[in-house]
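Participant: The following block contains the structure, expressed as structure tokens.
The values are calculated or read from the model by the stated rules, or taken from the named source; none is laboratory data. Because the structure is predicted, anything quoted here is derived from the model rather than measured. Because the Cβ atoms are built from the backbone with ideal geometry, glycine has one as well, and the counts that use them run over all protein chains shown.
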Amino acid sequence: MSIVQTTMTVIVVFVSAPLGLLFATAAFSLRPLILAPLAAKLVQDRCSVPVGLLLAAQGPAFVASAVMGVSVTALRLGIEPYLRAMYLLPVLMIVGAVIYCAMLWYLVPDFTRQFAARLRRGGGHAALP
């Protein structure tokens, strides 16, 4: 899989770089979506994990990040004329983090409770059971 990812990265860079930074960034961002079916097939074949289970596990994080992205973009459009860039970025970062955490708390409350308890004990860096 790493050989495929490296090859795909080289191809994306060579094809998109002459077209400008914005196009190259968009192309590089789409690379994981293009490779996702291959990764899902490998997990299914090598580890016997059904693709549906794999996608279901990613669901809450995807929904939380989508809601956060839309919210931060809407907030930026609303407050950008009133704040200088050096104040706007920290505000958007904090609001985005709060929205993401709130969405995870709503979507997977048991996991977030376990994670919060682990952070309070000072062991936030360790993997959850």
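Participant: Only one of these conditions is not met by Cys47: (1) closer than 26 Å to Ile99 by Cα; (2) free of Cβ contacts under 8 Å to residues at least 24 places away in the same chain. Which number is it?
Facilitator: (1)
Participant: If you don't mind, another one. So, in region 9-29, exactly how many residues are without any contact (Cβ under 8 Å) to a residue 12 or more places away in the chain and either surrounded by 13 or more Cβ atoms within 10 Å (Cβ to Cβ) or in a helix (DSSP H, G or I) (or both)? It would help to see each step written out before you state the result.
Facilitator: Taking region 9-29 first, the residues without any contact (Cβ under 8 Å) to a residue 12 or more places away in the chain are 10-11, 14, 17-23, 25-26, 29.
Filter again for either surrounded by 13 or more Cβ atoms within 10 Å (Cβ to Cβ) or in a helix (DSSP H, G or I) (or both), leaving 10-11, 14, 17-19, 21-23, 25-26, 29.
Residues flagged as without any contact (Cβ under 8 Å) to a residue 12 or more places away in the chain and either surrounded by 13 or more Cβ atoms within 10 Å (Cβ to Cβ) or in a helix (DSSP H, G or I) (or both) within region 9-29 amount to 12.
Participant: Grab the helices (runs of 4 or more DSSP H) fully contained in region 51-129, keeping just those with 1 or more residues being basic (Lys, Arg) and without any contact (Cβ under 8 Å) to a residue 40 or more places away in the chain. So that I can check it myself, show each step before the final result.
Facilitator: Details: elements: 51-79, 85-107, 109-120.
By residue number, 51-79, 109-120.
Participant: Looking at (1) modelled with pLDDT of 95 or more; (2) in contact with a Cys (Cβ under 8 Å, 6 or more places away or on another chain), which is the one condition that is false for Thr112?
Facilitator: (1)
Participant: Against the conditions (1) within 30 Å of Thr112 (Cα to Cα); (2) surrounded by fewer than 14 Cβ atoms within 10 Å (Cβ to Cβ), where does Val43 fall short? Just the number, please.
Facilitator: For Val43, the exception is condition (2).
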